[in-house]
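A short worksheet on the structure shown next.
The values are calculated or read from the model by the stated rules, or taken from the named source; none is laboratory data. No experiment lies behind these values; they were computed from the predicted model shown. Positions of Cβ are generated from backbone atoms using ideal geometry, with glycine treated the same way; all protein chains shown enter the neighbour counts. All accessible areas refer to the heavy atoms of the entire protein, side chains included, with ligands and DNA or RNA removed. Shrake-Rupley method; radii C 1.70, N 1.55, O 1.52, S 1.80 Å.
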Amino acid sequence: MPPVPPKRALPSKESSLFKEVLNQYETKQHKKGLKTADQILKKFPEHGETLCMKGLILTHMGRREEGLELVKKGVRLDLTSHIVWHVFGLIQKGEKNYEEALKSYTQALRWDKENLNILRDAAHLQTQLRHFDQLVETRHTLLRLRPNLRQNWIGLAVAYHLNGNAVEAKKVLEHYELTLKNVPDYDVEHSEVLLYHVRLLEEVEEFDEALSMLDVNAKSRAIIDRTAIMECRARILSKLKNTDEAEHSWQALIQQNPDNYDYYQGYFSNRGLDLYNITDDTHVKAMQILSDFSTQLPKAAAPRRLALEIAKGDEFKELIESYLLSGIERGIPSLFTDIKLLYKDAFKQETIQSVIESHREKLSSPAPPAPSSESEPPTTYLWTLYFLAQHYSFIGQHDKSLSLLETALSHTPTLPELFMFKARVLKRVGDPYGAARAMDEARLLDLQDRFLNTKTGKYRLRAGLEEEAQDVLGLFTKKDAPSPGADLEDMQSILFLTEDAACHRRNGNLGLALKRYHGLQKVFNEIEDDQYDFHGYSLRRFTINVYLSMIPWADRVRSHTAYVQAAIAASQIYVSLHDDPTLANKSSTANHLTGAEKKAKKKAQKAAAQKVREEAKKALAQTNSDDKGLEPGPQKDDDPDGASLLKATDPLNKAWTFLGPLANLDLKNVDVWLAIYDVSVRQKKFLQAVRALNHVKSLDPENPELHVRLVHLRHTVSSLPQPPPEPIGPVLSESLDKLLSPEVSLETYNSQYLQQHPTSGHAIFASAKVLRLLGATPAEEIDNTVFTMFNPDVQFGVDTGLDVVNFLKSIRSSRVEEFRAAADKKFELSTIFKSSTDIASLRHEAIATVEDAEKADGDKVEVIS
Amino acid sequence: MSTTSRSQPRVSFASLTPNNLGTVRKLNSVLFPIKYSEKFYQDVLLPQAEDFCKLVYFNDVPVGTICCRLETVDNKTRLYLMTMGVLAPYRSRGLGSKSLEHVIAAAANNPKLKIESMYLHVQVSNASAKSFYERHGFKEVAVQQDYYKKLIPHDAWILERSLTDQQADK
């Protein structure tokens, strides 16, 4: 220890007072601690360590800002004290600022190298930040200081393992096991460690050792997880090419859980077959195996379902017939979802259609005069119709699907599945209002069904009915929450956040849309933060095996569809705000609210204010003992409409907070890379932009949106006042030339693209966008181009049509209405292209009520009271 | 599971709640030529009516209802069958009989209320309904004239069955 610097030294009285402060902090006597600290500070107002302790205590008591101020002051006054840095680190860690916290901890360790608490916290921070090199060092130090603590050994092994050094990890475990004495029987923690050891041996391909370790410890009952033993054993035996014994093990696993596909895969690969890639040579063998399992295990679905994957020709026809008919007879609602994956094979699709169609014919032919309990139950016919409706909608024959559903509904109008699927078909054909209504009709049949309720909420959001969606969602949220939406956000409802954001965006309320997308971003931040506790917990409780699976999962958690969609949408909004900042004013929320909505909003705000007051009262009542902890409490929502998000001065940076984490995940999603391009090119990060386009090109070289971006990039780069400096400039132009030959003019390139894709509506739209981008074309020509989308052989979907309408609006085309009307004609079943007055009444009708349900009764003459 | 050795269809009953009332409304709207008032829907939810108001399920799909109300006059309690119906495709499978027997059994075995009898109205044109109830021990006790104000014919039979006399069951 270096000598105590004079500034820190306190006379003996104050010195013992300081020890008291530390003690009082440890025992959470915050008020007393504060008093004692003040006693010291009266005489030594510049004493850094005391200032920091006082700041820490104040933070715990809820006086965060004041506390932080003192801590910072304390650090400045005594830069060589480990205490001040430790305190600073604790506060930063509480704010989830892990990078900065680790820096403070590193400083603290400079002045006190062997402080166990600081070392342990530093290890957790290093794991959270994935600084595995440093982690190994820290864990080494901890083990050296406390070799008798079991978790320190495991900690070091895990650190090596995370750092990619399984061999060292294995050595650590070997040492560790030598130090153990008197392990009690059936010890779960020891069992976990041994399984981990086996896993490490497997990883470094010492299969013999792994097997003998597994067998010895399974026999002595030191490993107690029977399923894990069996799975491990089967896997290792297969790797050892001990085929017979391995087959036996896989078979035992299948007997135990006949619906686990992994076991079948293991069994097959042990026999030299790839279950998911059966060739003509292996076909007979594979079918035989599955047929044997089907006979052995009459109740298992997996072998039957797997056989459908592999079977061909008549063999398939026979199997699918009994599979489908038995499913329909049992009334399995998910039957279609189960088998639709087979539709990628055209033959199988046709076979399924003909099997079910002939079944329907058989059932719908006039029934025998006196049906008895022996004849086919009517529900079989019902489920047949339901299956067929799903089939036809899946292959794009939505009108046929709807008419089948009508037949089914007149047969049995009380099955919610029929309404739900009707809603889905209407959604697919571009009628969100009819869809919301059909879903609502399903909900009215069974109000306690939470699934139906949530679906209705979602469909209402799809129809732009935000308030009405909250009405139904509110039926299942906490009654004392400020609003259903607030409770759903609190519960991290990803479905609500995504759909509500998209709803606001469609309604033109960009501020609230952004607010919800940031809410979703926060959910994923929280999931990442939640890992932190496990870096300590899992070692303490020896739950190492799941922990090691959790770490790579957390690394990729943002590849979740919901996050990806939110990131794309939010960045698109920010890009449009960057391109046209006046959008922020246009989309101010107040304009969009009707009288009722305003009233509802006021009510919600009042309720929220009331809640805050109550909470404050509650807090006041508890102040005596309350420890607020180091994490900042829930923040006051001072931007309920997201207005300040709209006015952000750095929209592109905001967009990048969404996209940045995705850039390194190597996602196979074209839209992600397009979004990354759109933001990067505007940030003038040209290399990043061109790399994004390279990704798109490798995924989908003819993508219409890629076409637009290629022209955009060339156009942007050539209109720069001067080319980017070395080395960026040359690399950029070389990469760009590879994507888009510099010899052709952009105009020619565009018309060539159009000629190559004459039947793709999206491609025509893309070339119109390029015309607009290049700026030389008169407006009429752009209009004429998009109208060629209505040529008879051109195909496009409802979504593309909607995009075109919005595009025409944005360039103030005079033919928006004409396009809308033409699209309305083209998409017969859709309502999304109706005029705004029609849509207003459709929105009104999208809510089903009890009275509506009885409108059908209106012509009934007799009323019984 | 093969198609020849079919398992028996499942028939079950569920009590009415505010949550499944939508299903009852839907069934009433397709089953009967009559519109029922809000009072009807309030009455079927009364706690004392629980045993006598049911949804009928066939293979877990709601396909019918049976709704009665209790009437007490001069200390005598009778059960009045307001509605009973099964969706057309599910008829002739004994669902109506099972529902009626279910309610009759519940009424006869009710320890608290002494329910003396059960009665109902049948339009005089509906002979098959009449014979159905007669098979279940009901007897014509009167004809009520002009019971239906707007349906033709206007008259209705009143059918009644004793619930105290155990012999009547057999």
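Observations, loosely collected:
- Residues that are more than 24 Å from A:Ile568 (Cβ to Cβ), touching a residue at least 40 places away in the same chain (Cβ under 8 Å) and not charged (D, E, K, R), drawn from segment A:498-541: A:Gln531, A:Tyr532, A:His535, A:Gly536, A:Leu539
- When every residue of segment B:113-134 is checked against the conditions, none turns out to be of a type in the set (Phe, Trp, Tyr), over 14 Å from the mean Cα position of the chain (by Cα), buried (at least 21 other Cβ atoms within 10 Å of the Cβ) and modelled with pLDDT of 95 or more.
- Leading residue by the ranking (surrounded by the fewest Cβ atoms within 10 Å (Cβ to Cβ)) among those in segment A:129-147 that are among the aliphatic types (A, V, I, L, M) and within 20 Å of A:Leu178 (Cβ to Cβ): A:Leu145
- B:Arg69 being within 13 Å of chain A (Cβ to nearest Cβ), open to solvent by 70 Å² or more (accessible area, probe 1.4 Å), charged (D, E, K, R) and assigned to a strand (DSSP E or B): yes
- Filter result for A:Asn257 (over 23 Å from A:Glu203 (Cα atoms), without any contact (Cβ under 8 Å) to a residue 12 or more places away in the chain and open to solvent by less than 70 Å² (accessible area, probe 1.4 Å)): yes
- Taken together, the residues in segment A:394-435 that are β-branched (Val, Ile, Thr), more than 14 Å from chain B (Cβ to nearest Cβ) and open to solvent by 10 Å² or more (accessible area, probe 1.4 Å) amount to 2.
- Evaluation of B:Tyr57 against the conditions (1) at the interface with chain A (Cβ under 9 Å from one of its Cβ atoms); (2) part of a strand (DSSP E or B); (3) of a type in the set (Phe, Trp, Tyr) shows that the sole unmet condition is (1).
- Residues that are open to solvent by 40 Å² or more (accessible area, probe 1.4 Å) and either touching a Lys or Arg at 6+ places or on another chain (Cβ under 8 Å) or small (Gly, Ala, Ser) (or both) within segment A:216-238 comprise just one, A:Ser220.
- Listed by position, the helices (runs of 4 or more DSSP H) contained in segment A:1-77 that have at least 2 residues being free of Cβ contacts under 8 Å to residues at least 24 places away in the same chain and open to solvent by 10 Å² or more (accessible area, probe 1.4 Å) are A:12-26, A:30-43, A:64-77.
- Subset of segment A:632-656 (residues that are within 28 Å of A:Leu699 (Cα to Cα) and either open to solvent by 80 Å² or more (accessible area, probe 1.4 Å) or under 16 Å from the mean Cα position of the chain (by Cα) (or both)): A:Asn653
- Note on segment A:305-314: among residues that are assigned to a helix (DSSP H, G or I) and either open to solvent by 70 Å² or more (accessible area, probe 1.4 Å) or among the aromatic types (Phe, Trp, Tyr) (or both), the one that is nearest to A:Asn277 (Cα to Cα) is A:Glu309.
- Being within 26 Å of the chain's Cα centre (by Cα) and within 14 Å of chain B (Cβ to nearest Cβ) is a condition met by at least one residue of segment A:454-464.
- Residue match in segment B:33-41 (condition: farther than 20 Å from B:Glu101 by Cα, within 17 Å of the chain's Cα centre (by Cα), modelled with pLDDT under 95 and in a loop (DSSP other than H, G, I, E, B)): yes
- Selection count, segment A:148-167, where residues are assigned to a helix (DSSP H, G or I), open to solvent by 40 Å² or more (accessible area, probe 1.4 Å) and closer than 16 Å to A:Glu202 by Cβ: 1
- A:Leu382, sole failed condition from (1) touching a strand residue (DSSP E or B) at 6+ places or on another chain (Cβ under 9 Å); (2) surrounded by fewer than 18 Cβ atoms within 10 Å (Cβ to Cβ): (2)
- Leading residue by the ranking (nearest to the other protein chains (Cβ to nearest Cβ)) among those in segment A:315-340 that are open to solvent by 60 Å² or more (accessible area, probe 1.4 Å), over 19 Å from A:Leu290 (Cα atoms) and in a helix (DSSP H, G or I): A:Thr337
- The residues of segment B:17-42 that are closer than 12 Å to B:Cys67 by Cβ and either of a type in the set (Val, Ile, Thr) or touching a residue at least 60 places away in the same chain (Cβ under 8 Å) (or both), listed by number, are B:Val24, B:Leu27.
- All positions within segment B:107-151 that are away from chain A (no Cβ under 14 Å), in a helix (DSSP H, G or I) and not aromatic (Phe, Trp, Tyr): B:Ala107, B:Ala108, B:Ala127, B:Ala129, B:Lys130, B:Ser131, B:Glu134, B:Arg135
- In segment B:78-100, the residues that are at the interface with another protein chain (Cβ under 8 Å from one of its Cβ atoms) and assigned to a helix (DSSP H, G or I) never reach a residue that is among the charged types (D, E, K, R) and open to solvent by 40 Å² or more (accessible area, probe 1.4 Å) with C-beta atoms less than 6 angstrom apart, at least six apart or across chains.
- Only a single item in (1) open to solvent by 30 Å² or more (accessible area, probe 1.4 Å); (2) closer than 30 Å to A:Leu325 by Cβ; (3) more than 7 Å from every other protein chain (Cβ to nearest Cβ) is not met by B:Phe32, and it is number (2).
- Long-range neighbours under 7 Å by Cβ, at least six apart or interchain, first residue over 16 Å from A:Ala123 (Cβ atoms) and crowded, with 22+ Cβ neighbours inside 10 Å within segment A:90-102, second among the polar types (S, T, N, Q) and at pLDDT below 95: A:Ile91/A:Thr59
- Screening the candidates A:Ile352, A:Ile320, A:Ile339 for the property of being more than 30 Å from B:Gly94 (Cβ to Cβ) and touching a Gly at 6+ places or on another chain (Cβ under 9 Å) yields one hit, A:Ile339.
- Residue check for A:Ala776: under 37 Å from the mean Cα position of the chain (by Cα) and hydrophobic (A, V, I, L, M, F, W, C): no
Yes or no, residue by residue, for (1) buried (at least 19 other Cβ atoms within 10 Å of the Cβ); (2) of a type outside the set (Val, Ile, Thr); (3) under 30 Å from A:Pro432 (Cα atoms); (4) within 21 Å of the chain's Cα centre (by Cα):
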position	(1), (2), (3), (4)
A:Glu468	yes, yes, yes, no
A:Gly485	yes, yes, yes, yes
A:Asn509	yes, yes, yes, no
A:Ala513	yes, yes, yes, yes
A:Tyr517	yes, yes, yes, yes
A:Gly536	no, yes, no, no
A:Ile544	yes, no, no, no
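- Exactly one residue among A:Ala822, A:Ala776, A:Ala856 is in a helix (DSSP H, G or I), away from every other protein chain (no Cβ under 14 Å) and either at pLDDT 95 or above or open to solvent by 50 Å² or more (accessible area, probe 1.4 Å) (or both), and that residue is A:Ala822.
- Qualifying helices (runs of 4 or more DSSP H) (wholly inside segment A:455-569; at least 3 residues being within 30 Å of A:Asn165 (Cα to Cα)): A:510-530, A:532-540, A:544-555
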